[in-house]
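The next block holds one structure in the form of structure tokens; read it before the comments.
Derivation of every value follows stated rules applied to the coordinates shown; laboratory data play no part. If you're wondering where the values come from, they're calculated on a predicted model, not measured in any experiment. Heads up, the Cβs are rebuilt from the backbone with ideal geometry, glycines too, and the neighbour counts pull from every protein chain shown.
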Amino acid sequence: MDPRKLLKDQLLDWKSWGVDSVPRTEPALPPSRPLALSPADLDSLRAQVAACTACPLARTRTQTVFCSGKPSPLMFVGEAPGADEDARGEVFVGRAGQLLTRILKDVGISRDQVYIANVLKCRPPDNRPPEPAEVAACAPVLKRQIELVNPKVLCALGKHAAFSLLGWEGSMKALRGTWRLLDGRWVTATYHPSYLLRTPGDTESVKDDLRGVLEKLSSLGSGL
Ligand code: URA
């Protein structure tokens, strides 16, 4: 296929996911094979991600971190693996993850009932925020992951997930608890658990948002 058309299709795909710029950077890694965007199942996608060298984080990760849980009508999307996740290969297993697990339990959701992924599949060094180029490189993976999990409802945890899913650049305060449709799925957002570790006063707001998520699922005729 014409490489210019491939590039254009790729950029249009990212644009539909809210990526509005891709910084020009010198390739820090030898060019990788472009990610094929249509592995047929989650295991194939996970295997493809494990071999990914599409951005410089491939150099510094211990391993890729794909998800936790099994396909579910409810999918959460966080930001990126931290040190604990990088070491263990599972999302949200560090302090923020333990808080998320407790909060989910408090509103009646067990972690094994939901699917949890991140915007980035590799840990940014020193837990710095994801760079736009890293988000852009990982966006096709997240998109395909969502298609294969096929949730009815998505909940973005924090601003990076809200940007990746919805292109939202405003405040989380304005976005949380509101709903938008994305490719036939309902999407909402709430504060990231790491923010709650610093700002525990907003924990009840997150619980309210999660109760809203359960109500949305039941209004769609779906439970967990
Ligand atoms: N923060 C995230 O966003 N994801 C994780 O997996 C861990 C911490």
> When a footprinting reagent is the concern and you count Cβ atoms within 10 Å, what order do ASP41, ASP209, ASP84, ASP106 take, fewest first?
Replying inline: ASP41, ASP106, ASP84, ASP209
> What is the set of long-range amide H partners of CYS67 at a cut-off below 5 Å, with H atoms built 1.01 Å from backbone N?
Replying inline: VAL91
> Once fully extended, how much extra length lies between ALA47 and SER222, figured as 0.36 nm per residue of separation less the alpha-carbon to alpha-carbon distance?
Replying inline: 60.0 nm
>> Give me the percent relative contact order of segment 87-224, please, defined on Cα pairs under 8 angstrom at least 6 residues apart.
In response: 24 percent
>> With θ taken as phi - 60° and the coefficients 6.51, -1.76 and 1.60, list the Karplus ³J(HN,Hα) couplings across segment 167-175 in order, rounded to whole Hz; mark glycine and proline as x.
In response: x, 7, 10, x, 7, 5, 4, 6, 8
> Residue farthest toward the positive end of the dipole of segment 148-187, with Cβ of Lys/Arg at +1 and Asp/Glu at -1: which of ALA161, TRP186, ALA174?
Replying inline: ALA174
>> Sort 127-135, 87-95 by the packing proxy (mean of other Cβ within 10 Å over each peptide's residues), most packed first.
In response: 87-95, 127-135
>> 5 Å is the cut-off here: which amide hydrogens, built 1.01 Å from N in the peptide plane, fall below it relative to GLU79, excluding neighbours closer than 5 in sequence?
In response: VAL119
> With charges only on Cβ, +1 for K and R and -1 for D and E, what is the dipole size of segment 39-219 about its Cα centre, in debye, rounded to 20?
Replying inline: 80 debye
> With the contact rule set at Cα under 8 Å and sequence spacing of 6 or more, what percent relative contact order holds for segment 111-173?
Replying inline: 31 percent
>> Could you derive backbone 3J(HN,Hα) for segment 107-117 from the dihedral phi with the Karplus parameters 6.51, -1.76 and 1.60 (θ = phi - 60°), listing whole Hz in sequence and x where the residue is Gly or Pro?
In response: 9, x, 10, 9, 4, 6, 8, 10, 10, 10, 9
> Summing Lys, Arg as +1 and Asp, Glu as -1, what charge do residues with Cβ under 10 Å from the Cβ of ALA137 carry, ALA137 excluded?
Replying inline: -1
>> Rounded, prolate or oblate, given the Cα gyration tensor of segment 44-152, with a/c below 1.5 counting as rounded?
In response: oblate
> Under a point-charge model restricted to the Cβ atoms of Lys and Arg (+1) and Asp and Glu (-1), what is the dipole moment magnitude of segment 110-178 relative to its Cα centre, in debye to the nearest 20?
Replying inline: 180 debye
> Using θ = phi - 60° and the Karplus form 6.51 cos²θ - 1.76 cosθ + 1.60, what ³J(HN,Hα) does each residue of segment 146-155 get, whole Hz, x for Gly and Pro?
Replying inline: 5, 4, 6, 6, 6, x, 7, 10, 10, 10
> Amide H of LEU182: which non-local residues (sequence gap of 5 or more, or other chain) have their own amide H closer than 5 Å, using H built in the peptide plane?
Replying inline: VAL187
